[in-house]
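> I am attaching a structure below and will ask some questions about it afterwards.
Read the figures in this text as sums done on the coordinates, not as results from a lab. Only a predicted model underlies this, so the values are computations on that prediction, with no experimental measurement involved. Positions of Cβ are generated from backbone atoms using ideal geometry, with glycine treated the same way; all protein chains shown enter the neighbour counts.
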Amino acid sequence: MDKYMEMIRIRFLMMLAYRTNYYTGILIYAINIAAYYFLWSAVYGGRPSMQGMSLEQMTTYVAISWLARAFYFNNLDREIAMEIRDGKVAVELIRPYSYLGMKAVQGLGEGLFRLFFLSLPGLLVVSLFLPLQFPEHAKTWFAFALSLLFSFIIFSELNLLAGVVTFFTFRNEGLLRAKRFIIDLFSGLILPLSFYPDWAQRWMHYFPFQAISYIPSMIVTESFQGAAARDGLLMQAAWCIALLFPLGWLWRAAKRRLVVQGG
Amino acid sequence: MFYVSVFVQYMGQYMKTKLQYRADLFVEWLSDLMAQAVNLIFLLVVFSHTPLLHGWSRDEMLFIYGFFLVPYAVFAAFFNLWDFNERYIVQGEMDRVLTRPVHSLFQIILERMELESLLGAVPGLVIMVYVGSRLSLSFHWYDALMFILLVVGGVLIYAGIFISLATISFFADARTSIMPMMYNISSYGRYPVDIYHRVIRYILTWVLPFAFVGVYPASYFLRKEEWYGYAFFTPVVGALFFAIAVMLWNAGVRWYRGTGS
Amino acid sequence: MNIIEVEQLRKEFKVHRSRSGLVGAFRDLWTRRYTTVRAVDGISFAVKRGEIVGYIGENGAGKSTTIKMLTGILTPTSGRIVVNGMNPHQEREKFVRTIGVVFGQRSQLWWDIAVQESFRLLKKVYRVPDEQYDRHMGEVIEMLEIGSLLDKPVRKLSLGQRMRCELAAALIHNPPLLFLDEPTIGLDVLVKLNIRQFLKQLNERYGTTILLTTHDMSDIEALCERVIMLDEGKIIYDGSLETLKEKWGQGKRVAFTFAEATAAPPLQELTVGLDVVWKKGEQPNIWVAHVPSGGVPEVVSRVAARYPLQDIRIYEASTEEIVRHIYEEGAVHG
C-alpha cells in the first residue's frame, strides 16, 4: 500500500511544479462556468424550469460536472499507448507492482490534486458571482462523494481498457479521440441526459457513460433524491464491477501477447 | 519569395509523409467529424427545447457554427502548436530549428502542419449552404471575396492567440495545459455574444477576440446589420493579434537564447 | 586566419531550486528561490581554418553550452564571440548558413520520408544552387557510402546509417565550419571508424574546420591534433594531444615475462632509486613495472642483465586514462 501512497505524493509534487498551470487553471475554469451560465440563461429565456431543472440547478449541474471531470479525467489511455509504443511497458511489467493498478493510482493522485487545488478554488470563485445551489443535507454530500469515486473508477476502467486495446492495434490516436468525444457527449457532461430525446435516453441506459458524469451531477443538484439517488449509485457500482471482467480478460491476453511477441 | 518556395517544398514533403499513413488520415478525419458532431448535437438538443436563443433561431446558430468551422479548419491545418512545449522546448528540437537559416516560427509551422485538418472545413461549408438556403440568404459575387477576407481574419486571430500561448513556453518551465482550456473558451465565440454579461462580451471581443471567428463575421452573411461594424473589423483585429503574436514570439526566442532550457 | 575567436566568454543560468516535500512545493507556488550557475566561466580560445579541435570535458563541464553559444542558439552573458567573421547571435539567419551542426542525439531528418527528400528540403532551406548541390553532395554521398540508403525512410535505417545521413544533411550547404556534438554516441566500432575517416577526408579535401565534443577518447586520438579541455566552465588545457600525453602520460608500464617464477623483493632491490612500482602479473613469472617517463631503458637494461627473459611488453597510458587522471586531480599543473 505504501508504494501506491508514495506514487500519489509524487504526482502531487509533479503537478505543483507547474505553477502557471495552477493559476490559469482556476481562472479558465471560472470563465468556462460563467460562459455556460450565460448560455443557459439565454436558453431558459426566463422560463422557471426545463426538464424539471431550474436555471440554478442547471448552473450548479454544469459547475459540478466540470468539477467532477477535473477529478475523474485522466490520460491513462494515452500514457499506456505511449509506453507500449516506446517499449517501456516491458520494463514496467517486471517491476514489483500491478501495472494497471499503478496507473490507476497515478490517475487518482492527479485527480485528487485537481479536485482540491484547482476545481474547488475555482468553484469558490464562481460561487461568488453566480447563483449556485448547493445541497444542505450531509447525506447528499456523502452520496455525491461516493458517486464521484465510482465515476473515477468507471472512467479509469474505460481508459485502461482503451489503453490495453492499443496492445493489439498499432496506431490508435483516432480510437482514443473518438472515445473521448463519446464520453463527453453521452456521459451528460455538456448536457443533462434528460434533455435528449426519449429514444436516445433509452439507448444510453445500456452504456456505462452516464455513470461517469450524469449520475453524480444529478445527485448533487438534488435532481435525484431518495430512491433515484440510490438506484444511480447501485448502477454505478454495477458498472464498476462489470467493467473489471473485460479489462482483466484483455489484460491477460495482452500480457500473453507481450511474452510471445516481445511487445 | 524565398519563403514561398520553402513553403512549397515543405508541402511536398508533407504529402509524401502523409500518404504513408492513409488509414490514419481517414481515422483522424472521422474523429474530427465526431468532435463537430458533439457541438452540433448540443445545438440541436438545446433547440429542441426552445425556438429562439436570445432572438437567434436554430438555423442562424447553425450557420454561425458552420462559418466558424472554416477558419478553424485552416487554423488547425497550419498552426498545430499543441505540443510545441513538449517537442521543441523539453525535447530540445528548438536548438535544431535555431541552427537553420529560416525564421523559427515559420519553420515550426511548416514542420508541424496538418493539412488534413482542412477537411474539417467541408462540413462547415455544407452546413452553411444547407442552412443558408433554408434561411434564403442572399449571396452576391463580392460576398465570396468577403468570405475569404473574414476567414483569413479569423485564422489570424486564432493563430495570434495560440502562438502567444506557445510563447509562454519560452519563459516558463511549465508544461502548459492552457491550450486545451483556451480551446474551450474559443468555442464561446460561436454563440451570439449578446447573451453574455458585458465583461465576458468585452473579453470575447477585445481580449480573446474569439467572437470575431464566429458570431461577428457570420452575422454579415446572416444580414444582421447591427453587427456589420464588428464584422468588417474582423481582418483588422486578425492582423493586429497576429502581429502582436509574432512580436511576442521574437521576444520569446530572444529570451530563450538568453536562458537556454 | 581564425575561424572562431572567443574572448572571456561567460554564460550564467538562473536555476530554480525547489524546496523539498509537499509543503515546500506549496511555498514554491508563491515564491521561488533561484541560484546562479556559471556554466561557462570566462573562456578564451581561437580556432584556425582547417583545424580539427576536440572539445572535451565531463557532463556539465560547459561543453554543450559553449557549442550552443558558438552556433548562435544561446546568447552569452558576457564576452566576445566571432565565428566566420560574424557574431553568431546577431544576423542569425545569415550566420547559420555558414555552419553545419550535428547533434548526435537529435535528428535533422524527417522520420517518415526518404532521406533524399529531407536533403531536398534542406537544400531549399539553405538556398543551395542545383549545380553546387549535385557536385558537392555527390562527393559527400560517395564518401559516406550512403548512396543506397537515399530512398529509404529514416525510420527504417539503423543508428549507424542514420548518423551517416545526418552528417551528410549537415553538409548540404558545404559549410566551412562543422560542429559535432557527440557524433559517435551509441555507434558500433565499424561505423565510428567510417565516420572518423570521412571527417578526415572532409577536412583534407575541403579544408572544413571541425569542432567536436565527445566522450569517446578514441575519436579524439583518431581525429584531433588539438584538444580543449573544460572543467567546471573553465578551460584547464588547450594544446596538442601529444603534449598532453607527454606531460600527463605518467610514464609507462613494462611487463616482463621471466623464464622462471620470481618474487617482488629482488626486483625492487634491482630497481632501487628509479621510482619503480612492481605489480604481480597474471602468472607467477610475469611482473609489471610502472616506470616514470624516461626511465624505461634503464629499467629494461637492469632487469635484462640480471634475469633470463621470455618477453618484454611496453604499454603507454591511454588518452582515456590520462584524461580520467586529470579530472581526478582537478586541474592541469604546469
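> Which of the listed residues, A:ILE212, A:PHE155, A:GLY188, is farthest toward the dipole's positive end in chain A, when Lys, Arg count +1 and Asp, Glu count -1 at the beta-carbon?
Result: A:PHE155, furthest along the dipole toward the positive end.
> Let me ask something additional. Treating the angle as unsigned and between 0 and 90°, give the value, to the nearest 10°, between the Cα long axis of helix B:141-171 and the longest Cα principal axis of chain B.
40 degrees
> While we're here: Averaged over peptide B:147-156, how many Cβ atoms belonging to another chain are found within 10 Å of each residue's Cβ?
Mean partner-chain Cβ count within 10 Å for B:147-156: 0.
> Using mean Cβ contacts within 10 Å as the protection proxy, how do C:101-107, C:283-289 order, highest first?
The packing order, highest mean first, is C:101-107, C:283-289.
> Hey, rough spin-label estimate for A:GLU92 and C:GLU328, points 7 angstrom out along Cα→Cβ, what's it come to in nanometres?
It is 4.3 nm.
> Among C:ARG253, B:ARG190, rank each residue by its count of other Cβ atoms within 10 Å, from fewest to most, as a rough exposure measure.
C:ARG253, B:ARG190
> For segment C:251-316, with only Lys/Arg (+1) and Asp/Glu (-1) charged at the beta-carbon, what is the dipole magnitude about the Cα centre, in debye rounded to 20?
Using Cβ point charges on Lys, Arg, Asp and Glu, segment C:251-316 gives about 60 debye.
> Here is a follow-up. Taking +1 at the Cβ of each Lys and Arg and -1 at the Cβ of each Asp and Glu, which of A:THR140, A:THR169, A:LEU120 sits farthest along the dipole of chain A towards its positive end, judged by Cα position relative to the Cα centre?
Going by the Cα projections, it comes out as A:THR169.
> Moving on. Spin-label point model (7 Å from Cα, Cβ direction): what's the C:ARG80 to C:VAL37 distance in nm?
3.0 nm
> Where in segment C:225-334 are there GluC sites (Glu not before Pro) that are in a DSSP coil and have at most 16 other Cβ atoms within 10 angstrom of their Cβ?
Within segment C:225-334, the qualifying GluC sites (Glu not before Pro) (loop, at most 16 other Cβ atoms within 10 Å) are C:GLU225, C:GLU232, C:GLU260, C:GLU282.
> For B:ASN184 paired with B:MET15, estimate the spin-label separation in nm (one decimal), with each label point 7 Å from Cα along the Cα-to-Cβ line.
Going by the 7 Å Cα→Cβ label model, 4.0 nm.
> Based on the mean of other beta carbon atoms within 10 Å per residue, what is the order of A:108-121, C:86-99, C:142-155, most packed first?
With the highest mean Cβ count within 10 Å placed first, the list reads A:108-121, C:86-99, C:142-155.
> Okay, helix-only estimate at 222 nm for chain C: each DSSP H run of n ≥ 4 adds -39500 (n - 2.57), divide by all residues, round to 500 deg cm²/dmol; what do you get?
Result for chain C, helices only: -11000 deg cm²/dmol.
> Scan around C:VAL40 for amide H atoms under 5 Å from its own, H built in the peptide plane at 1.01 Å from N, and keep only partners 5 or more places away or cross-chain.
Sorted by chain and number, the residues that satisfy this are C:LYS11.
> Quote the FRET efficiency, to the nearest 0.05, computed for C:GLU221 versus C:GLU7 with a Förster distance R0 of 30 Å and r equal to the Cβ-Cβ distance.
Result of the calculation: an efficiency of 0.55.
> About the Cα centre of the protein assembly as shown, how large is the charge dipole given +1 on each Lys and Arg Cβ and -1 on each Asp and Glu Cβ? Please answer in debye to the nearest 20.
With only Lys, Arg, Asp and Glu charged at Cβ, the dipole is about 1020 debye.
> In segment B:2-259, if the dipole is taken from +1 on Lys/Arg beta carbons and -1 on Asp/Glu beta carbons about the Cα centre, which of B:PRO71, B:LEU44, B:GLY55 is farthest to the positive end?
Toward the positive end, the furthest listed residue is B:PRO71.
> Between segment A:191-263 and segment B:197-261, how far is it from one alpha carbon centroid to the other, in angstrom?
Here the two parts' Cα centres lie 41 Å apart.
> If you look at just the Cα atoms of the protein assembly as shown, how large are its Rg and its Dmax in Å?
33.6, 116
> Using alpha-carbon positions, what is the distance between the centroids of segment B:1-66 and segment B:70-127, in Å?
Using only Cα atoms to place each centre, the spacing works out to 16 Å.
> What is the order of B:PHE78, A:PHE129, fewest Cβ neighbours within 10 Å to most?
Least crowded to most crowded, the residues run A:PHE129, B:PHE78.
> Sort B:MET182, B:MET1, C:MET69 so the one with the fewest other Cβ atoms within 10 Å of its own Cβ comes first.
If I rank by nearby Cβ atoms, fewest first, I get B:MET1, B:MET182, C:MET69.
> Separate question: Suppose R0 equals 51 Å. What FRET efficiency, 1/(1 + (r/R0)^6) with r the Cβ-Cβ distance, do B:LEU125 and C:GLN105 give to the nearest 0.05?
E between B:LEU125 and C:GLN105, to the nearest 0.05, is 0.65.
> Name the residue, out of C:GLY50, C:GLY42, C:GLY186, whose mean-square fluctuation peaks in a Gaussian network model built on chain C with Cα pairs under 10 Å.
C:GLY186
> Here's a follow-up. Report the convex hull volume per residue for segment C:1-152, counting only C-alpha atoms, in Å³.
Cα convex hull per residue, to the nearest whole number: 191 Å³.
> Cut-off 10 angstrom, C-alpha nodes, Gaussian network model of chain B. Which of B:VAL122, B:VAL102, B:VAL193 fluctuates the most?
Looking only at B:VAL122, B:VAL102, B:VAL193, the largest GNM fluctuation is found for B:VAL102.
> Next question, about the same structure. Run through every distinct alpha carbon pair of segment B:2-259 and return the Kirkwood hydrodynamic radius in angstroms, one decimal place.
Radius from the Kirkwood sum: 19.5 Å.
> Which part of segment A:111-129 falls in the paramagnetic zone of A:ALA145, meaning amide N under 14 Å from the point 7 Å along Cα-to-beta-carbon?
Flagged as within label range: A:116.
> Continuing with the same structure: From other protein chains only, count the Cβ atoms within 10 Å of every residue's Cβ in C:135-141, then give the mean.
Other-chain Cβ atoms within 10 Å of each residue's Cβ, averaged: 0.
> Run lengths n ≥ 4 of DSSP H only: what is the helix-derived mean residue ellipticity at 222 nm for chain B, with -39500 (n - 2.57) per run over all residues, to the nearest 500?
-22500 deg cm²/dmol
> Evaluate peptide B:189-201: per residue, the Cβ atoms of other protein chains within 10 Å of its Cβ; return the mean as an integer.
Going residue by residue through B:189-201 and averaging, the value is 3.
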